[in-house]
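Below you'll find the structure, written out as structure tokens, and then a few comments.
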2 protein chains.
Amino acid sequence: MRIALLGGTGAIGEGLALRFGAHTTHEIVVGSRDADRAIEAAVDYEEALSVHGSDTSIGAGVNIDAVSGADVAILGVPPYHVRETIETIRDGLEDEAILVTPAVGMSRSETGCHYDPPPIGSVSELVANVAPASVPVVGAYHSIPAGRLANLETAIDMDTPVVADDEAAKETVQNLTNEIPGLSPIDAGPLANAAGVESLAPLLVTLKHHNESLPELGIRFD
Amino acid sequence: MRIALLGGTGAIGEGLALRFGAHTTHEIVVGSRDADRAIEAAVDYEEALSVHGSDTSIGAGVNIDAVSGADVAILGVPPYHVRETIETIRDGLEDEAILVTPAVGMSRSETGCHYDPPPIGSVSELVANVAPASVPVVGAYHSIPAGRLANLETAIDMDTPVVADDEAAKETVQNLTNEIPGLSPIDAGPLANAAGVESLAPLLVTLKHHNESLPELGIRFD
């Protein structure tokens, strides 16, 4: 499978590139608005993988080139760049590509971090609204601590709720996620449930803010 | 310490009565709008504790009698009964009592369960708004699976975020919570952060709805 990490120079892109690179044989491509930055990130990721004993190579290109041939495109961009990024890649997306969105709208106050979704209700629903109608949208990876994901020396043990209206696309992403050791997908239903899932991310920031001695937090349901 | 479980005939009241009863020496009193129902519940809880090998006795009475002398009063009532319950007990609350609120506003749809807070932003803030100004309010126990809490044969291992503006009251509730084996409080900051904490509860219902083979879910941050 070819996985495009759009905005793949960012924290969640890095973490997913390294974990998919280290633990699977999928083809990984880093996309960015800037080709040089994508290439630079890909070189960095290959080096981190090499230190970890993996000779996986990572592709790189501008976002529209990264999605060419991709089975799964992960939109690792901030929520305010979601719309323009989708517009940029619209003509490059394969007919059967799946678009995955981990972005969350949040605002900070003195007391912590608060869920601040777009008017449509959630970033996941915004992505579905902007994406071509034929492209299934899956919300996932919202509450994964990106820094820990990107540290291959650290074992992880966390869950990530997954939302989608397209059951086959959801299953594909859940299966893909299961290939990363220590990361477990959990079905959270359709996109209409995305707000409840996305709102985990600001809560984790709030908890870390009030418990500085703790690591960047993930979540487990059990 | 004397702990009053208001609406203590309900699921979270039962769970907390049994766990505090089994694992601590605090005095537990079940409150209800109806004295007979409170007494009936207390007898049931004593029996469950006895089966578990504990001879703890549980007090009972109408809510205003239950709060008399209580150091901590836990408002285990649905969100739409919060206001009237506080009005009922207002004149009985001790000057230094702490009011704990585990209630969450949620609505169900075909797809799952959604956070549906009161206009003030959260049930915790509603409680603080309605309670006497001198009474510190602490939000806790929102995301604990009540059925599992009430089953003393089942070990638990879960976290509960705690919010409060009064640091001393928050610490008291966190210490009290730590006395229940397997239940860990985590500081989530002031009441202004309550919405993020309360919204865990409907997400857990949603996840259970879409994963029927799973037990009633709790949460761990790590």
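The values are calculated or read from the model by the stated rules, or taken from the named source; none is laboratory data. Keep in mind that this is a model prediction, so the values were computed, not measured. Positions of Cβ are generated from backbone atoms using ideal geometry, with glycine treated the same way; all protein chains shown enter the neighbour counts. The area values use the complete protein model at the heavy-atom level, side chains included, leaving out ligands, DNA and RNA. Shrake-Rupley method; radii C 1.70, N 1.55, O 1.52, S 1.80 Å.
Table for the structure above
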| quantity | calculated |
| --- | --- |
| 5 angstrom amide H check on A:SER184, placed H, neighbours 5+ away | A:MET158, A:ASP159, A:THR160 |
| Estimated distance in nm for a label pair at B:VAL43 and B:GLU153, the labels positioned 7 Å out from Cα along Cα-to-Cβ | 2.4 |
| Inverse of mean 1/r across different Cα pairs in the protein assembly as shown, Kirkwood, Å | 23.0 |
| Cleavage-rule hits, GluC sites (Glu not before Pro), the range B:122-190, DSSP coil, Cβ neighbours within 10 Å at most 12 | B:GLU153 |
| Dipole magnitude of the range B:74-222, debye to nearest 20 (Cβ charges: Lys/Arg +1, Asp/Glu -1, about Cα centre) | 460 |
| In range of the label at A:ASP36: residues from the range A:54-96 whose backbone nitrogen is under 18 Å from the point 7 Å along Cα→Cβ | A:60-63 |
| Derived scalar couplings ³J(HN,Hα) [the range B:57-74; Karplus, 6.51 cos²θ - 1.76 cosθ + 1.60; whole Hz; x for Gly, Pro] | 9, 10, x, 7, x, 5, 3, 5, 6, 5, 7, 4, x, 6, 7, 9, 10, 9 |
| With every protein chain in place, chain A: carbon and sulfur % of accessible area (1.4 Å) | 46 |
| Two-site FRET efficiency, A:ASN129 against A:TYR80, from Cβ-Cβ distance with R₀ of 22 Å, rounded to 0.05 | 0.90 |
| Distant-in-sequence amide H partners of A:MET106 (H built 1.01 Å from N, under 5 Å) | A:ASP116 |
| Distances in nm from B:GLY53 to the matching label points in the other copies, shortest first (labels 7 Å along Cα to Cβ) | 4.5 |
| Under Karplus coefficients 6.51, -1.76 and 1.60, residue-wise ³J(HN,Hα) of the range B:23-37 in Hz, glycine/proline x | 10, 9, 9, 5, 7, 10, 10, 8, x, 8, 5, 10, 4, 5, 5 |
| Chain B - mean residue ellipticity at 222 nm from DSSP helices (-39,500 (n - 2.57) per run, n ≥ 4, rounded to 500) | -10500 deg cm²/dmol |
| Copies compared at B:ALA168 - label distances in nm, ascending, label defined 7 Å from Cα in the Cβ direction | 6.4 |
| In the B-A interface, the accessible area buried, summed over both sides, Å² (probe 1.4 Å) | 2200 |
| Shielding by partners, peptide B:185-196 (average Cβ within 10 angstrom, other chains) | 6 |
| Relative contact order for chain B, counting Cα pairs under 8 Å that sit 6 or more residues apart, in percent | 19 |
| Over the range B:1-138, equivalent-ellipsoid semi-axes from the Cα gyration tensor in Å | 25, 19, 12 |
| Average beta-carbon neighbours from other chains, 10 Å sphere, peptide B:100-113 | 2 |
| Under the Karplus curve 6.51 cos²θ - 1.76 cosθ + 1.60, θ = phi - 60°, whole-Hz ³J(HN,Hα) for the range A:189-197, x wherever Gly or Pro sits | x, x, 4, 4, 9, 4, 4, x, 6 |
| Average accessible surface area per residue within the range B:129-222, 1.4 Å rolling probe, Å² | 33 |
